[in-house]
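Right, one structure below, let's go through it.
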Amino acid sequence: MSFRNYKDKIDEGDTVILYLSNNVHAIDVKPEIKNKKGEMVENVFQTTFGALKVKNLIGVEYGSKAKHRDVLEEGFGDDLDGKADAVFLDLPSPWAGVPHAAVAIKEDGE
């Protein structure tokens with residue numbers, strides 16, 4: 001990103017400043033990065049709040065706020081109903097998410 005021109009949306013190659021709970025992180029927007037073995041792998045930024053797939057930043061408007069959802073209270077969202085092959089509930093009280101997981105699982109198992 002150049003500071004010469006104004007931009008509305010994040011592009012690949014931009015540096016994004018991510019502000020999370022009083023912590024500031026600079027992220028280079030590259031969908032893939034080299035791992036220690038020299039292999040190209042998906043660029044995933046790990047936070048204490050979860051994992052952020054860096055490729056998902058591309059096209060997002062600058063200044064946007066990340067949306068947070070309590071899946072134990074609200075579920076996974078209507079757009080995932082009946083579409084998941086598996087649901088892993090690595091949460092402090094996973095049993096509370098089982099009803100929502102059941103809704104997200106595919107009925108035919110395919």
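A few notes on this one:
- In summary, Lys37 fulfils each of the numbered conditions (1) loosely packed, with under 10 Cβ neighbours inside 10 Å; (2) modelled with pLDDT under 80; (3) assigned to a loop (DSSP other than H, G, I, E, B) with the single exception of condition (2).
- The C-beta contact set for the stretch 91-110 (first residue more than 11 Å from Val71 (Cα to Cα), second residue basic (Lys, Arg) and surrounded by fewer than 11 Cβ atoms within 10 Å (Cβ to Cβ), distance under 6 angstrom, 6+ apart or interchain) is empty.
- Pairs with Cβ under 8 Å, 6+ apart, first in the stretch 1-13 and assigned by TED's automatic domain parsing to the domain that holds Ile33 and of a type in the set (Asp, Glu), second assigned to a loop (DSSP other than H, G, I, E, B) and modelled with pLDDT of 90 or more: Asp11/Val29; Asp11/Ile58; Glu12/Val29; Glu12/Lys30; Glu12/Pro31; Glu12/Ile58
- Test: residue in the stretch 86-109 that is touching a Gly at 6+ places or on another chain (Cβ under 8 Å), among the charged types (D, E, K, R) and loosely packed, with under 10 Cβ neighbours inside 10 Å: yes
The values are calculated or read from the model by the stated rules, or taken from the named source; none is laboratory data. It should be emphasised that the depicted structure is a prediction, and the values quoted were computed from it without experimental measurement. With ideal geometry, Cβ positions are generated from the backbone for all residues, glycine too; neighbour counts draw on all protein chains shown.
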